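The structure appears right after this line, and notes come after that.
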Amino acid sequence: MEWTEVLGLVAGVCTTVAVIPQIRKAWKTKKTEDVSPGMFIVLLIGLSLWVVYGITQNDLPIIATNGAALALNGLMLYLMVYYKHKNDK
């Protein structure tokens, strides 16, 4: 593995795990009203495009890290919708 692939993987892992503290906090407090759903929607679109780009380039680090980030940020958006609906009752 070349150093550029390692660099890409490390960068991807950092941006992927960045949302984990927010997910943990939302899960623990059951509150997400201070988090912008618009930001997560734009982020999910961008991550989806990165996955497609990675597929077209046959670039596993881009596919894997952005795919994982897509899943985690999708989970966060789900928690935002779920807790908003649950807390509005």
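The table that follows gives values for the structure above.
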read-out	value
Whichever residue in segment 19-41 is open to solvent by 70 Å² or more (accessible area, probe 1.4 Å) and without any contact (Cβ under 8 Å) to a residue 40 or more places away in the chain and, among such residues, is farthest from Leu75 (Cα to Cα)	Asp34
Residues that are over 20 Å from Thr16 (Cβ atoms) and of a type in the set (Val, Ile, Thr), drawn from segment 58-89	Val81
Extreme residue, most open to solvent (accessible area, probe 1.4 Å), among residues of segment 43-63 that are in contact (Cβ under 8 Å) with a residue 24 or more places away in the chain and under 12 Å from the mean Cα position of the chain (by Cα)	Leu43
Subset of segment 64-89 [charged (D, E, K, R) and either free of Cβ contacts under 8 Å to residues at least 12 places away in the same chain or surrounded by 18 or more Cβ atoms within 10 Å (Cβ to Cβ) (or both)]	Asp88, Lys89
Segment 49-89: number of residues that are more than 17 Å from Trp27 (Cα to Cα) and in a helix (DSSP H, G or I)	20
Test: residue in segment 10-17 that is among the aliphatic types (A, V, I, L, M) and in contact with a helix residue (DSSP H, G or I) (Cβ under 7 Å, 6 or more places away or on another chain)	yes
Residue among Gly46, Gly38 that is of a type outside the set (A, V, I, L, M, F, W, C), modelled with pLDDT under 95, closer than 28 Å to Tyr83 by Cα and in a helix (DSSP H, G or I)	Gly38
Filter result (not in a helix (DSSP H, G or I) and not acidic (Asp, Glu)) within segment 25-35	Lys30, Lys31, Thr32, Val35
Tabulated pairs, segment 4-18, first open to solvent by 60 Å² or more (accessible area, probe 1.4 Å), second among the polar types (S, T, N, Q) and in a helix (DSSP H, G or I), C-beta under 8 angstrom, 6+ apart or interchain	Val13/Thr65; Thr15/Thr65
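The values are calculated or read from the model by the stated rules, or taken from the named source; none is laboratory data. Nothing here was measured: the structure is a model prediction, and the numbers come from that model. Please note: Cβ atoms are built from the backbone with ideal geometry, for glycine as well, and neighbour counts cover all protein chains shown. Surface accessibility is based on the protein's heavy atoms, side chains included, excluding ligands, DNA and RNA. Shrake-Rupley method; radii C 1.70, N 1.55, O 1.52, S 1.80 Å.
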